[in-house]
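These notes are about the structure you will find just below.
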Amino acid sequence: MEGHSSIIKDKLMQKISLIDIPKVHDERGSLAVVEKDTIPFTVKRVYYLFDVPIDSYRGGHAHKEQESVIIALSGSFEVIVDDGVAQKRIMLNKPTQGLFISTNIWREIDNFSSGAVCLVLASSNYNEAEYIRDYNDFKNHVTG
Ligand code: TYD
């Protein structure tokens, strides 16, 4: 069964990836740069979560069309990604690391540290019609 479960996880891992964001560091501090080639899509929209209570839960949806990169600009939080078959919990705690999430992946975000800032780079404009906000609808959507 071990082999079977790793194949299931591999399928999920094909739809997400961790991106290293180049950093310039000197005695004055650090600077991270996101350029066109850093992100696997053209960024159409940027939004960020801040003033998030530490017991808060965000996300709880998938996108039919939008791809995203999530970055912990400050502090930390955990992202649960789910392709309808396998789940993975990923801690983000570095402003130089982005989590790329492809389409049709359910995501939830929890375990926010105090003062955490969650930056999201999105491939499309905000369009509620391409959200799936019900987990059963999501399961039906991805399993046909
Ligand atoms: P929501 O999707 O619930 O946030 P989360 O990413 O935590 O799941 O969005 C919260 C509210 O903000 C909701 O009413 C939709 C609105 N919103 C916009 O108006 N524009 C945006 O770009 C986003 C991401 C959300």
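Suppose we filter the range 76-107 for residues that are among the aromatic types (Phe, Trp, Tyr), under 10 Å from the mean Cα position of the chain (by Cα) and within 14 Å of the ligand (Cβ to nearest atom); how many remain?
Residues in the range 76-107 being among the aromatic types (Phe, Trp, Tyr), under 10 Å from the mean Cα position of the chain (by Cα) and within 14 Å of the ligand (Cβ to nearest atom): 1 in total.
Taking the options Asp26, Asp83, name whichever one is out of contact with any Cys (no Cβ under 8 Å at 6 or more places or on another chain) and free of Cβ contacts under 8 Å to residues at least 60 places away in the same chain.
Of the residues listed, the single one that is out of contact with any Cys (no Cβ under 8 Å at 6 or more places or on another chain) and free of Cβ contacts under 8 Å to residues at least 60 places away in the same chain is Asp26.
Among the listed residues Ser6, Ser17, Ser56, Ser30, identify the single one that is part of a helix (DSSP H, G or I) and either more than 11 Å from the chain's Cα centre (by Cα) or at negative phi (or both).
On inspection, the qualifying residue turns out to be Ser6.
Conditions (1) of a type in the set (D, E, K, R); (2) closer than 16 Å to Lys15 by Cα; (3) surrounded by fewer than 14 Cβ atoms within 10 Å (Cβ to Cβ), marked per residue:
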| site | (1), (2), (3) |
| --- | --- |
| Val69 | no, yes, no |
| Val81 | no, yes, no |
| Asn127 | no, no, yes |
| Arg133 | yes, no, yes |
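Would you check which residues across the range 72-102 are under 19 Å from Pro40 (Cα atoms) and out of contact with any Phe, Trp or Tyr (no Cβ under 9 Å at 6 or more places or on another chain) and list them?
Hits for the range 72-102 are Ala72, Pro95, Thr96, Gln97, Gly98, Leu99, Ile101, Ser102.
Can you say whether Asp26 is more than 18 Å from Asn125 (Cα to Cα) and out of contact with any helix residue (DSSP H, G or I) (no Cβ under 8 Å at 6 or more places or on another chain), as far as the supplied structure shows?
Criteria met by Asp26.
Where residues in the range 24-63 are aliphatic (A, V, I, L, M) and closer than 30 Å to Lys139 by Cα, which of them is nearest to the ligand (Cβ to nearest atom)?
Restricting to residues being aliphatic (A, V, I, L, M) and closer than 30 Å to Lys139 by Cα, the top hit is Leu49.
For the range 108-132, which positions are assigned to a helix (DSSP H, G or I) and more than 9 Å from the ligand (Cβ to nearest atom)?
Across the range 108-132, the qualifying residues are Ala129, Glu130.
Could you grab me the full set of residues in the range 33-48 that are within 22 Å of Ala129 (Cβ to Cβ) and in a strand (DSSP E or B)?
Listed by number, the residues that qualify are Arg45, Val46, Tyr47.
Are any of the residues in the range 12-26 surrounded by 17 or more Cβ atoms within 10 Å (Cβ to Cβ), touching a Ser or Thr at 6+ places or on another chain (Cβ under 6 Å) and closer than 20 Å to Ala116 by Cβ?
Yes: one or more hits.
Readers should treat all values here as calculations from the given coordinates under stated rules, not as data from a laboratory. Source: prediction; values computed, not measured. Backbone-built Cβ (ideal geometry, glycine too); neighbour counts: all protein chains shown.
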